Amino acid sequence: MPLRLPRLRLYLLIIIVMLLSAGCLRSPLASVVVSGELHGDLNWSGEVFIGGDVTLAADARLTIRPGTVVRFLAPENYPGGESDHPHFPGSELNIEGVLTAVGMAEAPIVFAAANGEAPAGSWGAVNFAEGSQGTFRYCIFRQADSAIHSREATVEVTESLFENNHVGIRFHTSKMRVEHNLLRGNGTGIRFHFGAPIVRWNRFADNRINLFITSHPSDYLIENNRLGPPLEYQVVLGEEVPEDVRLPNNLWDDLAADAVLERVFDGRRIPYLGRVQVEPLLTVSPTAVGPSWIR
């Protein structure tokens, strides 16, 4: 009889270990829930949960390590969860300082909803404020409203995957460098107005709209991309784009110019809009288009 209690504890320990191994329970040391405002030099690794609207203050620098998984919780039990512009519904990571998220091909950084089965729009955005800076390399973004949103910031996005988001990359009046990414299965691949974007060597596939330009584009360079077949439109011009938009030197689903323009919403449909100009078209896929680690 004196061995009964220790034996019972042993049985309970074995059961807990089995449940943890099966994924039925989560070790309290396996993940961290972050909420509120962050300051100073920060490093994230492992599994990090975002609860509500988390703000990286102007004095903060956040480094996210390779292999980190950042999961966005439903915001009901956490502060924030703002949905008015420039915010979006759901938990968000709002950047006022500097964010560096550089993964590796064998250990990408993942930004996704806490529920792996949740639909697009289940979290808000990694949201850059005026004067902030961001670097993303070897990252995966899923299930967001607007996975990366930048306003008057400087952001570089390379070697990354955007899939199952309402919008993959969204920005205005920002210095954006978007190169060697794959944008597939999103509502819109890239959406922007104003700004000075460089968008090169990206692959677009199975988005509803590949490229949506909403207002007065200027100082843009969009070339050497492969724009695969969209569900609706290759390019859409918004109501505040009376200017013609030049998009030469891209590969458009191996189509001729007339066929490409059938999938463009511009001044050919509504007279007060500018017209998209796609010639000369590439006839061979650009070298090293898309992420080097996803083929």
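The values are calculated or read from the model by the stated rules, or taken from the named source; none is laboratory data. Bear in mind that the values here come from a model prediction, so they are computed numbers and not experimental data. A quick note on method: Cβ atoms are made from the backbone with ideal geometry, for glycine too, and the neighbour counts reach across all protein chains shown.
Residue pairs whose Cβ atoms lie under 9 Å apart, sitting 6 or more positions apart in sequence or on different chains, and linking a residue in segment 65-88 that is touching a residue at least 40 places away in the same chain (Cβ under 8 Å) to a partner that is among the basic types (Lys, Arg), are PRO86/ARG151.
Is it fair to say SER292 is modelled with pLDDT of 95 or more and over 25 Å from SER146 (Cβ atoms)? So SER292 passes the test. Scanning segment 193-209 for residues being under 14 Å from the mean Cα position of the chain (by Cα) and part of a strand (DSSP E or B) gives a total of 1. Among the residues of segment 59-66, not a single one is assigned to a loop (DSSP other than H, G, I, E, B), at pLDDT 95 or above, within 21 Å of GLN133 (Cα to Cα) and among the hydroxyl-bearing types (Ser, Thr, Tyr). As a summary of the residue check, GLY131 satisfies the conditions (1) part of a loop (DSSP other than H, G, I, E, B); (2) within 10 Å of the chain's Cα centre (by Cα) except for the one numbered (2). Among residues of segment 107-128 that are crowded, with 22+ Cβ neighbours inside 10 Å, those with a beta-carbon under 8 Å from a residue that is among the acidic types (Asp, Glu) and part of a loop (DSSP other than H, G, I, E, B) at least six positions away or on a different chain give the pairs TRP123/ASP145; GLY124/ASP145; ALA125/ASP145.
Do we find a residue being surrounded by fewer than 19 Cβ atoms within 10 Å (Cβ to Cβ) and within 16 Å of SER146 (Cβ to Cβ) anywhere in segment 64-75? Checked segment 64-75: no residue is surrounded by fewer than 19 Cβ atoms within 10 Å (Cβ to Cβ) and within 16 Å of SER146 (Cβ to Cβ). The residues listed here are ASN207, ASN225, ASN186; of these, the one that is at negative phi, touching a Gly at 6+ places or on another chain (Cβ under 7 Å), in contact (Cβ under 8 Å) with a residue 60 or more places away in the chain and not small (Gly, Ala, Ser) is ASN186. Selection of segment 157-189 for residues being of a type in the set (Val, Ile, Thr) and under 10 Å from the mean Cα position of the chain (by Cα) yields VAL157, VAL167, ILE169.
Condition check: within 23 Å of ASN186 (Cα to Cα), outside any strand (DSSP E or B), modelled with pLDDT of 95 or more and of a type in the set (A, V, I, L, M, F, W, C). Does ALA101 satisfy that? Spelling it out, it is not the case that ALA101 is within 23 Å of ASN186 (Cα to Cα), outside any strand (DSSP E or B), modelled with pLDDT of 95 or more and of a type in the set (A, V, I, L, M, F, W, C).
Scanning segment 177-229 for residues that are surrounded by fewer than 23 Cβ atoms within 10 Å (Cβ to Cβ) and β-branched (Val, Ile, Thr) gives ILE198, ILE209, THR214. Looking at segment 255-273, can you tell me whether even one residue there is at positive phi, assigned to a loop (DSSP other than H, G, I, E, B), of a type in the set (D, E, K, R) and modelled with pLDDT of 95 or more? No.
Could you tell me whether ALA205 is modelled with pLDDT of 95 or more and among the small types (Gly, Ala, Ser)? Judged against the criteria, ALA205 is a match.
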